[in-house]
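Student: Let me give you the structure first, and then I'll get to my questions.
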Ligand code: 1PR
């Protein structure tokens with residue numbers, strides 16, 4: 001495209017906008033970065049992906065003179081697309097650590113979702129757009145699922161009604177997009193909303209492009225349950241980075257060779273799962289606890305390449321902790337996470353280090369603010385921080401035997417035990433710790449986790465279904481989303497976990513890698529079972 005087709009991007013440096021850059025480039029446009037307020041006024045088209053907290057974003061754009069330039073650009077009715085916080089900042093004020101004043105372009109306030117009635121906050125996932133105003137940007141997108149991740153939302157009112165172009169329902173109706181003349185903004189992430197999102201983005205970038213295709217099935221109406229493909233990644237004995245898959249976390253072949261199982265190449269598989277309709281893709285660097293992840297350049301390269309092809313959220317985990325390398329240089333867990341974000345991750349996942357942080361917190365009752373979990377969620381927001389739990393079932397005869405929360409199990413233990421607790425482990429299941437999955441989940445929620453990835457070592461790779469007892473216990477205990485993981489072997493296992501527990505998403509690895517069950521078959525089964533999912 002010509003240089004005139006370049007898009008101006010306002011990235012004020014508070015977080016990760018790599019996904020937005022990738023989407024713009026994927027659509028064939030060049031990016032001009034804003035360096036001064038004058039660059040805003042000189043833009044042909046301006047994209048403003050807000051990241052971070054409302055107050056700190058306003059501080060930065062006020063102190064650099066960008067806030068005034070933005071108001072003037074908008075007053076001139078120049079083409080503008082705000083994304084996520086870039087929508088919220090247009091309003092009068094936000095209650096996030098405030099009230100804090102916004103740009104004041106649109107009357108109204110931004111408020112936190114109310115979790116007191118059990119609503120899961122943050123609002124993470126694919127929710128349905130209800131279009132209330134005919135706009136070129138959202139043409140054809142009515143009833144489509146798009147990807148949201150936020151804890152605060154702009155409230156509709158009589159004073160801002162003329163601005164609203166779509167709403168969305170989550171506990172209450174909130175503003176999912178606004179449109180007035182050339183000024184557009186969306187609360188969801190078009191850069192992470194698959195084909196529907198890319199089509200919306202494209203219509204802003206080249207207004208003559210055609211609209212989103214009609215939804216394949218019936219119109220969506222609420223938050224969809226997510227289906228996530230997980231890639232456990234590590235180097236094999238030849239030093240190649242491969243997607244592997246364990247049986248109860250043992251990834252070596254049971255034949256005499258004892259080689260690390262090789263199920264494919266990480267970027268190829270991730271791209272395929274995106275095309276097949278995965279709602280998210282997770283990479284777990286499963287030997288990250290041993291090695292220093294920033295020394296693992298191939299893994300960072302995998303993320304970079306995957307994020308150029310995968311337009312749904314990408315999570316990466318493994319080895320996020322403080323580290324001192326051989327030369328004595330110290331790296332904070334925040335630096336490790338930042339490198340993952342810069343390389344294309346939308347969320348990071350912490351395993352072992354979150355267990356140590358939770359143990360310390362439960363012992364002292366004090367939040368030091370220094371754990372990797374607390375630091376990363378403070379800087380990037382809790383919606384960007386997943387805690388991965390790797391528990392193992394321990395049967396007991398009676399709940400009094402242990403100080404941890406037990407469940408009455410659906411199938412009795414080997415000696416007829418009727419109860420079990422779920423003991424957390426670290427270092428990929430190698431070391432057991434004195435803390436249960438229930439206690440860990442509640443503690444990490446308080447420390448700032450935005451989501452829980454709940455594995456179960458006993459079920460991993462077994463194909464016998466998810467551990468419903470465990471998933472029900474944990475998903476009833478917290479108000480952040482829980483991703484059910486380990487054990488999926490058939491489509492029925494997915495409907496079972498959504499019918500019997502409060503899980504927000506279900507993750508599988510082996511059945512997808514071995515091509516036993518396509519992602520589409522899982523989704524079609526869920527639709528038939530009455531579970532709302534995103535269809536392509
Ligand atoms: O402790 O912060 O370095 O994080 C390490 C991460 O690596 C954790 O998220 C941990 O779960 C993961 N991990 C470590 N070792 C293994 C292993 O398999 N040896 N993989 C491992 C965990 C479990 C799931 C798996 C599901 C679904 N893999 O992610 O994909 O069980 O499998 P299935 O559908 O085939 O049953 P840190």
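The values are calculated or read from the model by the stated rules, or taken from the named source; none is laboratory data. The structure presented is a predicted model; accordingly, all values stated were derived computationally and were not measured. Because the Cβ atoms are built from the backbone with ideal geometry, glycine has one as well, and the counts that use them run over all protein chains shown.
Student: So is residue 480 over 21 Å from the mean Cα position of the chain (by Cα), touching a residue at least 40 places away in the same chain (Cβ under 8 Å) and not assigned by TED's automatic domain parsing to the domain that holds residue 150 or not?
Tutor: no
For (1) farther than 24 Å from residue 238 by Cβ; (2) modelled with pLDDT under 90; (3) assigned by TED's automatic domain parsing to the domain that holds residue 509, each residue gets a yes or a no:
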{"site": "280", "(1), (2), (3)": "yes, no, yes"}
{"site": "283", "(1), (2), (3)": "no, no, yes"}
{"site": "309", "(1), (2), (3)": "yes, no, yes"}
{"site": "328", "(1), (2), (3)": "yes, yes, yes"}
{"site": "331", "(1), (2), (3)": "yes, yes, yes"}
{"site": "353", "(1), (2), (3)": "yes, no, yes"}
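Student: Further question on the same structure: Return yes when residue 269 is in the same structural domain as residue 354 (by TED's automatic domain parsing) and at pLDDT below 95 and no when it is not.
Tutor: So residue 269 does not fit the description; no.
Student: Could you look through the range 244-260, keep only residues that are within 10 Å of the ligand (Cβ to nearest atom) and part of a loop (DSSP other than H, G, I, E, B), and pick out the one that is farthest from residue 26 (Cα to Cα)?
Tutor: Top of the filtered list is 248.
Student: With respect to residue 341, is the statement that it is under 22 Å from residue 52 (Cα atoms) and assigned to a loop (DSSP other than H, G, I, E, B) true?
Tutor: no
Student: Something else: Looking for whichever is at pLDDT 95 or above and either in the same structural domain as residue 384 (by TED's automatic domain parsing) or out of contact with any helix residue (DSSP H, G or I) (no Cβ under 7 Å at 6 or more places or on another chain) (or both) here; the options are 71, 1. Which one fits?
Tutor: 71
Student: I need every pair where a residue in the range 438-457 that is touching a residue at least 12 places away in the same chain (Cβ under 8 Å) and on the phi > 0 side of the Ramachandran plot has its Cβ under 9 Å from the Cβ of a residue that is within 13 Å of the ligand (Cβ to nearest atom) and part of a loop (DSSP other than H, G, I, E, B), sequence separation at least 6 or different chains.
Tutor: Here the result reads 448/371, each pair linking the range 438-457 to a residue that is within 13 Å of the ligand (Cβ to nearest atom) and part of a loop (DSSP other than H, G, I, E, B).
Student: Then there's this: Mind listing whichever residues of the range 314-335 are more than 10 Å from the ligand (Cβ to nearest atom), touching a strand residue (DSSP E or B) at 6+ places or on another chain (Cβ under 8 Å) and either free of Cβ contacts under 8 Å to residues at least 24 places away in the same chain or not in a strand (DSSP E or B) (or both)?
Tutor: 322, 324, 325, 330
Student: Ok, one more. Would you check which residues across the range 424-437 are near the ligand (Cβ under 10 Å from one of its atoms) and touching a residue at least 24 places away in the same chain (Cβ under 8 Å) and list them?
Tutor: Residues satisfying the conditions are 425, 426, 427, 428, 429.
Student: Could you check, for the range 369-386, whether at least one of its residues is in contact with a strand residue (DSSP E or B) (Cβ under 6 Å, 6 or more places away or on another chain), outside any helix (DSSP H, G or I) and away from the ligand (no atom under 14 Å from the Cβ)?
Tutor: No, because not a single residue in the range 369-386 is in contact with a strand residue (DSSP E or B) (Cβ under 6 Å, 6 or more places away or on another chain), outside any helix (DSSP H, G or I) and away from the ligand (no atom under 14 Å from the Cβ).
Student: Take the range 512-536 and flag every residue that is near the ligand (Cβ under 10 Å from one of its atoms), over 28 Å from residue 444 (Cβ atoms) and in a helix (DSSP H, G or I).
Tutor: 513 - this is the single residue of the range 512-536 that is near the ligand (Cβ under 10 Å from one of its atoms), over 28 Å from residue 444 (Cβ atoms) and in a helix (DSSP H, G or I).
Student: Let me ask another. Among 484, 441, 449, which is in contact with a helix residue (DSSP H, G or I) (Cβ under 9 Å, 6 or more places away or on another chain) and either assigned to a loop (DSSP other than H, G, I, E, B) or near the ligand (Cβ under 9 Å from one of its atoms) (or both)?
Tutor: After applying the criteria, what remains is 449.
Student: Test of understanding: among 405, 397, which residue is surrounded by fewer than 20 Cβ atoms within 10 Å (Cβ to Cβ), outside the structural domain of residue 443 (by TED's automatic domain parsing) and more than 30 Å from residue 449 (Cβ to Cβ)?
Tutor: Of 405, 397, the one residue that is surrounded by fewer than 20 Cβ atoms within 10 Å (Cβ to Cβ), outside the structural domain of residue 443 (by TED's automatic domain parsing) and more than 30 Å from residue 449 (Cβ to Cβ) is 397.
Student: Just to be sure I understand, how many residues within the range 452-480 are touching a strand residue (DSSP E or B) at 6+ places or on another chain (Cβ under 8 Å), away from the ligand (no atom under 16 Å from the Cβ) and in a loop (DSSP other than H, G, I, E, B)?
Tutor: Residues that pass the stated criteria total 2.
Student: For residues that are more than 9 Å from the ligand (Cβ to nearest atom) and farther than 20 Å from residue 151 by Cβ, tally how many sit in the range 350-368.
Tutor: The total comes to 12.
Student: Restricting attention to the range 90-101, report how many residues are surrounded by fewer than 24 Cβ atoms within 10 Å (Cβ to Cβ), assigned to a loop (DSSP other than H, G, I, E, B) and in contact (Cβ under 8 Å) with a residue 40 or more places away in the chain.
Tutor: Number satisfying all stated conditions: 4.
Student: Related question: Give the number of residues within the range 273-289 that are touching a helix residue (DSSP H, G or I) at 6+ places or on another chain (Cβ under 9 Å), away from the ligand (no atom under 13 Å from the Cβ) and assigned to a helix (DSSP H, G or I).
Tutor: Total meeting the criteria: 2.
Student: Just to confirm my filter: which helices (runs of 4 or more DSSP H) fall fully inside the range 25-89 and include at least 2 residues that are over 20 Å from residue 104 (Cβ atoms)?
Tutor: 37-41
Student: So, one more: Restricting attention to the range 61-91, which residues are more than 12 Å from residue 46 (Cβ to Cβ) and under 28 Å from the mean Cα position of the chain (by Cα)?
Tutor: Residues satisfying the conditions are 61, 84, 85, 87, 88, 89, 90, 91.
Student: For residues in the range 290-307 being modelled with pLDDT under 90 and crowded, with 22+ Cβ neighbours inside 10 Å, which is farthest from the ligand (Cβ to nearest atom)?
Tutor: Applying the filter and picking the extreme gives 299.
Student: So, one more: Within the range 159-186, count every residue that is in contact with a strand residue (DSSP E or B) (Cβ under 6 Å, 6 or more places away or on another chain) and in a strand (DSSP E or B).
Tutor: Of the residues in the range 159-186, 17 are in contact with a strand residue (DSSP E or B) (Cβ under 6 Å, 6 or more places away or on another chain) and in a strand (DSSP E or B).
Student: Do the conditions hold for residue 345, that is, is it touching a strand residue (DSSP E or B) at 6+ places or on another chain (Cβ under 6 Å), within 15 Å of the ligand (Cβ to nearest atom) and at pLDDT 90 or above?
Tutor: Taking the combined requirement at face value, the residue satisfies it.
Student: Another question, then. Please determine whether any residue of the range 231-244 is in contact with a strand residue (DSSP E or B) (Cβ under 6 Å, 6 or more places away or on another chain), closer than 13 Å to residue 345 by Cβ and without any contact (Cβ under 8 Å) to a residue 60 or more places away in the chain.
Tutor: No: zero hits.
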